[in-house]
Every structure is written in structure tokens, then in C-alpha cells.
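Here the structure comes first, spelled out in C-alpha cells, and everything after it is commentary.
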Amino acid sequence: MAEHVVTLDTEAIAQQLEAALTTKRTIPPLTETLGPLTPEQAYAIQTRWTELRVQNGERIIGRKIGLTSRAMQEQLGVREPDYGSLWASRSFPASGGHVEIPMDLLIQPRVEGEIAFLLGRRLQGPGVTLQQVLAATEAVALSVEVVDSRIEAWRIKLADTIADDASFGAFTVGPWSRRLLHEDLRTVGMIIHQNGEVATEGIGAAALGHPARCVAWLANKLAEFGVALEPGDIVLSGSLARALPAERGDLFVVELHGQPPLTVRFV
């Protein structure tokens with residue numbers, strides 16, 4: 001018997017996600033209200049939502065990669081990461097290593113520590129390798145991504161998070177470093193303190209074995225949609241440790257070996 005294929009109104013679903021974002025009211029999982037969705041259908045929803053945001057004045061400044069850890073892939077029953085777009089309106093520059101992120105923009109945020117890549121040259125798949133990513137990268141930096149879900153209580157399957165811009169909420173980056181680019185990013189350690197206590201630790205190898213391998217995956221995945229990574233793009237390569245729920249007043253200090261710490265307060 002042929003598998004049932006859900007017919008989608010991507011425009012209506014994109015509008016639904018935009019309304020959830022602006023009203024801060026979550027929606028039931030799309031995989032429950034619509035039925036099983038393929039990753040391709042979910043990316044079509046994400047693409048339409050991104051187009052809608054850009055029409056309303058948003059600017060896309062890069063990409064984020066999610067589900068890069070084996071644990072998260074096993075949890076959702078998938079074998080590869082996913083990706084979303086970085087919105088300029090949700091980019092918070094750090095001043096002196098400190099940044100404040102308003103809770104009023106968010107619904108159910110969680111904090112992740114990552115390594116960000118700043119591309120200096122175009123990367124177009126298929127066939128992009130880890131070494132080509134490093135050669136095309138201008139600099140890297142410690143980054144903090146705030147993941148957030150427009151889906152009720154984070155009850156997500158793969159298609160839910162893909163459609164929901166890979167659960168993107170906000171981000172900040174520390175100073176860009178060329179020196180760090182020449183270190184072995186697999187072995188770079190990270191510690192996150194939450195309200196003065198060590199909350200989690202991670203290492204570069206947690207992201208597909210090497211953060212640059214995540215960027216290579218992204219370049220090759222985007223090629224399926226006729227899209228390339230461009231010079232100036234920022235790419236968040238994936239969390240190095242578990243995500244930490246955040247509430248108003250929480251203070252996170254994220255440290256990456258050899259880099260200035262990033263301090264993020266939720267206000």
C-alpha cells in the first residue's frame with residue numbers, strides 16, 4: 001500500500017508560524033495536526049516562512065545547524081542534522097563580552113554553546129569537504145545560540161523543528177578569531193555556567209566529530225535546493241553540549257578554551 005502523502009498549504013502554515021512568533025503563543029506539533037511530513041515538505045514550509053519574514057523586512061545573515069549530536073539524532077530518530085536561517089533582528093552584538101537578550105521576544109528558550117564560522121569565500125555543494133570549509137573560512141568565534149520553539153512544550157519531531165526554522169530563537173557571537181581557526185577544533189573544550197554554577201561542558205568533537213564537518217554537511221545539503229553559502233555568511237555549526245532552559249534573570253557565562261568568555265543575561 002502506498003504511503004499517504006500529506007497535501008500542504010505552505011502559505012497558511014507559514015502564516016501560522018509567523019503568528020506564533022509574534023504573539024508568543026505556541027501551536028500544536030505540525031506532525032500531529034497535519035499528519036506525517038517529509039523533510040522536503042518541512043523545508044518547503046521553512047522556505048515559505050523565511051520568504052514571508054524577508055517580505056516583512058527581515059534580513060537573513062547566515063545559517064544555523066541543528067541536531068549535530070548523536071544523542072539528539074537518536075532522540076528524534078534521524079541520521080542527519082537540519083538547518084535554519086539566522087535573522088538579523090535576532091542577532092545581539094556582545095559589548096565587552098556581555099549581552100542582554102529580552103525574554104519578551106522568546107517563548108520557551110534554551111541556551112546552547114557553539115562555534116560560529118564566518119565565511120570568506122563561497123561554498124557550493126555537492127562534494128564540499130571539511131578541509132574546503134576551513135580553507136573558505138575567514139574566522140571562527142565562540143557563539144551562543146538561543147533555541148526556541150513555536151511548538152507546544154517542545155513536543156517536536158524532525159519535521160516540526162525543520163518547519164520551525166530549526167527552532168531558531170536568537171544568537172550572539174564573541175570576537176572573531178583567525179588563530180582559533182588553526183587549532184584542532186575537535187579538541188577545543190567549552191564550559192557553560194548558569195547563575196554561577198557549572199551547568200554543562202562540551203567539546204568540539206560533539207558536533208559531527210568536527211564543527212567544520214557540520215558546515216560541509218550544510219553546504220552539501222543546501223546544494224539540493226540550488227543554494228550556496230556566500231562570503232560574509234555566519235554559520236552556527238551546532239551545539240557542543242546539552243541545551244539549558246533559560247528564564248528571565250538567568251545569567252549564563254560561556255567559555256571556550258583560549259577565547260574571551262561570553263556573558264548572556266535574559267532580561
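Matching residues to (1) more than 20 Å from Leu244 (Cα to Cα); (2) buried (at least 18 other Cβ atoms within 10 Å of the Cβ); (3) of a type in the set (S, T, N, Q); (4) over 16 Å from the mean Cα position of the chain (by Cα):
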| position | (1), (2), (3), (4) |
| --- | --- |
| Glu112 | no, yes, no, no |
| Arg121 | yes, no, no, yes |
| Thr129 | yes, no, yes, yes |
| Thr137 | yes, yes, yes, yes |
| Val144 | no, yes, no, no |
| Asp148 | no, yes, no, no |
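Being touching a Pro at 6+ places or on another chain (Cβ under 7 Å) and among the β-branched types (Val, Ile, Thr) is the requirement here; does Val253 meet it? Considered against the rule, which asks whether it is touching a Pro at 6+ places or on another chain (Cβ under 7 Å) and among the β-branched types (Val, Ile, Thr), Val253 comes out as yes.
Let's see how each residue does on (1) out of contact with any helix residue (DSSP H, G or I) (no Cβ under 8 Å at 6 or more places or on another chain); (2) exposed (fewer than 14 other Cβ atoms within 10 Å of the Cβ):
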position: Gln15; (1), (2): no, no
position: Arg25; (1), (2): no, yes
position: Ile61; (1), (2): no, no
position: Pro81; (1), (2): no, no
position: Leu86; (1), (2): yes, no
position: Pro93; (1), (2): yes, yes
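Which helices (runs of 4 or more DSSP H) does region 5-92 wholly contain that include 1 or more residues that are under 30 Å from Val140 (Cα atoms)? Here the list reads 10-23, 39-55, 70-76.
Of all residues in region 251-267, those being closer than 19 Å to Asp148 by Cβ and either polar (S, T, N, Q) or in contact (Cβ under 8 Å) with a residue 60 or more places away in the chain (or both) number 7.
So how many residues does region 251-262 have that are open to solvent by less than 10 Å² (accessible area, probe 1.4 Å) and more than 24 Å from Ile107 (Cβ to Cβ)?
Count: 1.
Contact map, region 109-130: residues that are of a type in the set (A, V, I, L, M) paired with residues that are part of a loop (DSSP other than H, G, I, E, B) and open to solvent by 60 Å² or more (accessible area, probe 1.4 Å), Cβ distance under 9 Å, separation 6+ or inter-chain. Pairs shown: Ala116/Trp176; Leu118/Trp176; Leu119/Glu230; Leu119/Pro231; Leu123/Glu230.
Which residues, taken from region 243-263, are assigned to a loop (DSSP other than H, G, I, E, B) and closer than 29 Å to Ala135 by Cα? Let's see the steps before the verdict.
Going residue by residue through region 243-263, those that are assigned to a loop (DSSP other than H, G, I, E, B) are 243, 246-250, 257-261.
The answer is His257, Gly258, Gln259, Pro260, Pro261.
Identify, please: which residue in region 241-250 is surrounded by fewer than 15 Cβ atoms within 10 Å (Cβ to Cβ) and touching a residue at least 40 places away in the same chain (Cβ under 8 Å) and is, among those, nearest to Gly113 (Cα to Cα)? So the residue we want is Pro245.
Out of all the residues in region 184-223, which are open to solvent by 40 Å² or more (accessible area, probe 1.4 Å), touching a residue at least 24 places away in the same chain (Cβ under 8 Å) and of a type in the set (D, E, K, R)? Once the filter is applied, which keeps residues that are open to solvent by 40 Å² or more (accessible area, probe 1.4 Å), touching a residue at least 24 places away in the same chain (Cβ under 8 Å) and of a type in the set (D, E, K, R), region 184-223 yields Arg186, Glu201, Arg213.
Checking the stated criteria, Asp233 turns out to be of a type in the set (Asp, Glu) and open to solvent by less than 50 Å² (accessible area, probe 1.4 Å).
The values are calculated or read from the model by the stated rules, or taken from the named source; none is laboratory data. Keep in mind the model is a prediction, meaning the values are calculated, not measured. Ideal geometry is used to build each Cβ from the backbone, glycine not excepted, and the neighbour counts take in all protein chains shown. Quick note on the areas: whole protein, heavy atoms, side chains included, nothing else; ligands and nucleic acids left out. Shrake-Rupley method; radii C 1.70, N 1.55, O 1.52, S 1.80 Å.
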